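The values are calculated or read from the model by the stated rules, or taken from the named source; none is laboratory data. Being a predicted model, the structure only gives us computed values, none of them experimental. Positions of Cβ are backbone-derived with ideal geometry, glycine not excepted, and every protein chain shown enters the neighbour counts.
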C-alpha cells in the first residue's frame, strides 16, 4: 500500500469513496513510525511521543462517524502535533527536560479544533527545546535527522514535524513559528509551511516562547493541504487575548484563482551577499514560472531588514525570560533533589531543567530588561521593529506579495553550527522580519541543490493567507518539486 | 557594552539560574558574542519612532465580568512535584 504518498486532499477523497478506512490509514502510519522513527534503531527521531491508543480510538470514532453520515471533510485523516501544544492526558514536553514528566491537564485550542474536525493525532513531534533553535539539535530527546540526508539537520524549531511529513510518517503536521520555525524546516525538508498573520490562530495552550511573535500554522505536502488544515486551525478564540476577531475565508475556494496581474515584489536585500548561487538560481526559475502564469515583478526595498536579526535577539529573549519564569520547580515540571531553601530550589531546578541555549536566551532577555539597560536594548529594539513594519507597508504599496528565498542555504550537517550560536541565528535572516511585523509568510518547495531541497518564501500583507495559498497552489500545479519523496522513505 | 563575569553572575541570579563558578567565563564569552550582534541596533536612527509592542497594534479585548472557570485544583496539583492538603510544598521560608 502506498497511502503515505498521498496528500491530505487525496486521502480525504479516498476515505469518502470508502477505498480504505481511517483505522487502516492510521495503522499504516503507525507501522511506518515503528519502522522508520526509532532513535535506538537509527531512525529519524521525529516523534517524542507516539500515541497509538489515542489515535486508533479517534480513527474508530471517525469510521463510525462516516458510517453514520456525520463525517466532516477532514474526519479520519491522521496528523502529527508539535510537542509545544498541550494535549490532555498526553506527555507534553516542548522537548525540554523541564517538562519530561508533564502530562498536560488540558488541551491547546489548536488540539481541540483538530480533534473536533475528526483529525487523528498520531503523536507529538520533536522540536528544538522551547522552540529555540534552527536545527532541532537543542532537543532534550536528541537530534532529528533530515530524511533527505540523514547526516543533516531538518531545520528548526519545528524539525520533528518537518521530518515526519518529509519521511511520510504523517501526511501533515502542525508547527509554530517565532522567527522562522515553520518556514525554515519546511524549506530544508521540501514541504509547504505557512506562518499565518499574528492573531490568526489561537495561542491558548501553545507553550509560550515569545508571545508577541509566536504563531502556529500547518506543515503539509501541498498548498491545498495547508488550506485544508488552516481552515481548521484559524479563527478567533476568546481565551487568547491576542487572537483577532477577523472572519476566516474559505481558503480552498480561491486556490485556483488566476495570477494574471499579480505584482510580485523582490526585495533587493534578499538576493544579495550570503545567498548561495544555486538557491538564487532556483528562485529566479520559480519567478519565471510565476511570470508565465501572468505575474509581474517589481524590485522593492526593505532597508531595515539587516536589523531584523539583532532586534529579534532582544525581543524574543526578553519575552522568553518573562514567559519561562513560570518554570519554578514548584507547581509542575522538573524539581531538583534536596533543595536547601527556596532560592536553591528555583536556581537548581531551572539550571538542571533548561538546556544551554534556553539558559542563554533567558540571561540575554533578563539583561535586556534589567534596570539601566531597558531603553538601550528593549525599547530600541521595539522602535526598530516599527521601522521594519513600515518598510513592509511601503513595499506593499507597490506589490501584492513579496518573494524571496526562505533560507540562505540548504540543510547543513548535524553539529556544523552547534558551537556558533550567531551562525545558527543567521539561518533565519530572511524569515525573522515577517514575525517582527506580524505578517503571514510561507515556504514552498522550489527545487533541489545537490540533492537537497530549496524553499521559496512568499510574504503577504495582514490576512492575505488566501492569496499566498493561491499563489503557492498555482505554482504547484505547474511544478512537481513538492511531490518528491526521499528515496529511502518512498 | 561587554559584560564582566560579575555582571553575568548577577544576571544569572536575577534569572534564578544556578551558574557554577567554573562555567562563568564560558557563559560570559557566549553572552558577549550575542551582545555584539545586538549592538548593531545602536546605529539605527529611531528618533521620533514609536516603539511597537503588538504587530497589529490591537487593544486588549474586554469581556463581561462573570465567572468563566471551574475548579481544577486537583487536576493541576496531580502533576505538582510535592503537595499536601491542597497546598504546594516548598522548603521552609520563615524560620
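Within the range B:3-23, residues that are on the phi > 0 side of the Ramachandran plot reach partners that are assigned to a helix (DSSP H, G or I) with beta carbons closer than 6 Å, at six or more positions or on different chains, in the pairs B:16/A:346; B:16/A:347; B:16/A:350.
Residues are listed down the side, and each one gets a yes or a no for (1) in contact with a strand residue (DSSP E or B) (Cβ under 8 Å, 6 or more places away or on another chain); (2) surrounded by fewer than 17 Cβ atoms within 10 Å (Cβ to Cβ); (3) over 15 Å from residue A:120 (Cα atoms):
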| position | (1), (2), (3) |
| --- | --- |
| A:15 | no, no, no |
| A:40 | no, yes, yes |
| A:54 | yes, no, no |
| A:76 | yes, no, no |
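Among the residues making up the range A:88-111, those that are in a loop (DSSP other than H, G, I, E, B) and surrounded by 24 or more Cβ atoms within 10 Å (Cβ to Cβ) are A:92, A:93, A:94, A:95, A:96, A:108.
For the range A:289-335, a residue qualifies if it is in contact (Cβ under 8 Å) with a residue 24 or more places away in the chain and in contact with a strand residue (DSSP E or B) (Cβ under 8 Å, 6 or more places away or on another chain), and the qualifying residues are A:290, A:295, A:296, A:297, A:298, A:299, A:300, A:301, A:302, A:305. Taking the conditions (1) within 20 Å of the chain's Cα centre (by Cα); (2) closer than 26 Å to residue A:307 by Cα in turn, residue B:36 satisfies each one other than (1). Taking the residues in the range A:214-253 that are within 14 Å of another protein chain (Cβ to nearest Cβ) and within 14 Å of the chain's Cα centre (by Cα) as candidates, determine which candidate is nearest to residue A:10 (Cα to Cα). So the residue we want is A:215.
Counting only residues that are within 11 Å of chain B (Cβ to nearest Cβ) and in a loop (DSSP other than H, G, I, E, B), the range A:285-340 holds 16 of them. Mind checking which residues of the range A:84-94 are touching a residue at least 24 places away in the same chain (Cβ under 8 Å) and either within 16 Å of residue A:349 (Cα to Cα) or facing chain B (nearest Cβ under 10 Å) (or both)? Passing the criteria: only A:93. Residue selection: residue B:6 satisfies the criterion of being more than 9 Å from every other protein chain (Cβ to nearest Cβ), closer than 29 Å to residue A:361 by Cβ, surrounded by fewer than 15 Cβ atoms within 10 Å (Cβ to Cβ) and out of contact with any helix residue (DSSP H, G or I) (no Cβ under 6 Å at 6 or more places or on another chain). Taken over the range A:370-382, the residue count meeting the criterion of being touching a helix residue (DSSP H, G or I) at 6+ places or on another chain (Cβ under 9 Å) and either buried (at least 22 other Cβ atoms within 10 Å of the Cβ) or facing chain B (nearest Cβ under 9 Å) (or both) is 8. Once the range B:42-85 is narrowed to residues that are within 27 Å of residue A:87 (Cβ to Cβ) and within 7 Å of chain A (Cβ to nearest Cβ), the residue that is surrounded by the most Cβ atoms within 10 Å (Cβ to Cβ) is B:81. Considering each residue of the range A:346-354 in turn, none proves to be at the interface with chain B (Cβ under 7 Å from one of its Cβ atoms), under 26 Å from residue B:53 (Cβ atoms) and touching a helix residue (DSSP H, G or I) at 6+ places or on another chain (Cβ under 8 Å). Considered as a group, the residues in the range A:464-490 that are in a loop (DSSP other than H, G, I, E, B) and modelled with pLDDT of 95 or more include one that is farthest from residue A:219 (Cα to Cα), and that residue is A:478. Counting residues in the range A:20-40 that are over 24 Å from residue A:219 (Cβ atoms), away from chain B (no Cβ under 14 Å), in a helix (DSSP H, G or I) and touching a residue at least 40 places away in the same chain (Cβ under 8 Å) gives one or more. The number of residues in the range B:15-41 that are within 7 Å of chain A (Cβ to nearest Cβ) and part of a helix (DSSP H, G or I) comes to 8.
Would you mind stating whether residue A:156 is in contact with a helix residue (DSSP H, G or I) (Cβ under 8 Å, 6 or more places away or on another chain), more than 30 Å from residue A:23 (Cβ to Cβ) and surrounded by fewer than 24 Cβ atoms within 10 Å (Cβ to Cβ)? No, not satisfied.
Test residue A:172 against the criterion of being within 15 Å of the chain's Cα centre (by Cα) and either without any contact (Cβ under 8 Å) to a residue 40 or more places away in the chain or surrounded by fewer than 24 Cβ atoms within 10 Å (Cβ to Cβ) (or both), and give yes or no. Judged against the criteria, residue A:172 is not a match.
Could you run through the range A:457-484 and say how many residues are buried (at least 19 other Cβ atoms within 10 Å of the Cβ) and closer than 11 Å to residue A:446 by Cα? Looking only at that region, the number is 6. Checking each residue in the range A:409-457 for being over 27 Å from residue A:265 (Cα atoms) and either modelled with pLDDT of 95 or more or away from chain B (no Cβ under 14 Å) (or both) picks out A:412, A:413, A:414, A:415, A:416, A:450, A:451.
Scanning the range A:437-456 for any residue that is surrounded by 24 or more Cβ atoms within 10 Å (Cβ to Cβ) and assigned to a helix (DSSP H, G or I) turns up at least one such residue. Selection of the range A:1-13 for residues being in contact with a strand residue (DSSP E or B) (Cβ under 9 Å, 6 or more places away or on another chain) and in a helix (DSSP H, G or I) yields A:8, A:11.
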